[in-house]
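The values are calculated or read from the model by the stated rules, or taken from the named source; none is laboratory data. Small disclaimer: the values here were computed from a predicted structure and weren't measured. A quick note on method: Cβ atoms are made from the backbone with ideal geometry, for glycine too, and the neighbour counts reach across all protein chains shown.
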């Protein structure tokens, strides 16, 4: 399993490109978010209990995050049709990006070895990135949080960012 050596992004690093389609079939690049701070949160699978909890926490915090100038994007290896069902079922109002070949996930260091119920497996590592995108669409990592918990993560993120 050691061929899944994880990259770890750090504050100040250039954010790897997106170039992914969302649950509506629209492609997202960093240039689409020029001049914004973006929370890119990565989750293993739509419609699972932990991922649903986390997505709903982001949904319920969207107004305060938007008031602080932050855009939210979700990212998973799920295909767009599953993401659309997830969005509809949970009333999610932010884009859910699809990376079925896991290339972007790997570039962010969020696809690799992790512990699951005491066993080492290869999969998506629940993580969150705060990305500062300048007016020209150049994106830099502001914060990189790996192996976050689904429950309570959004509240902690808001606290860390000074958002009530």
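Comparison of 68, 84 shows that the only residue that is over 15 Å from the mean Cα position of the chain (by Cα), buried (at least 16 other Cβ atoms within 10 Å of the Cβ) and over 16 Å from residue 44 (Cβ atoms) is 84. Scanning region 87-108 for residues that are crowded, with 19+ Cβ neighbours inside 10 Å and over 18 Å from residue 19 (Cα atoms) yields 87, 92.
Which of the residues that make up region 109-143 are more than 19 Å from residue 35 (Cα to Cα) and crowded, with 17+ Cβ neighbours inside 10 Å? Passing the criteria: 109, 110, 111, 112, 114, 123, 124, 125, 126, 127, 128.
For every residue, the table says whether it meets (1) in contact with a helix residue (DSSP H, G or I) (Cβ under 7 Å, 6 or more places away or on another chain); (2) under 26 Å from residue 29 (Cβ atoms).
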residue	(1), (2)
85	no, yes
89	no, no
97	no, yes
101	no, yes
111	yes, yes
122	no, no
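Does residue 105 qualify as being at pLDDT 95 or above and either over 22 Å from residue 10 (Cα atoms) or over 12 Å from the mean Cα position of the chain (by Cα) (or both)? Taking the combined requirement at face value, the residue does not satisfy it. Screening residue 58 with (1) within 18 Å of residue 153 (Cβ to Cβ); (2) surrounded by 15 or more Cβ atoms within 10 Å (Cβ to Cβ); (3) without any contact (Cβ under 8 Å) to a residue 40 or more places away in the chain; (4) in contact with a helix residue (DSSP H, G or I) (Cβ under 9 Å, 6 or more places away or on another chain) gives one miss only, at (3).
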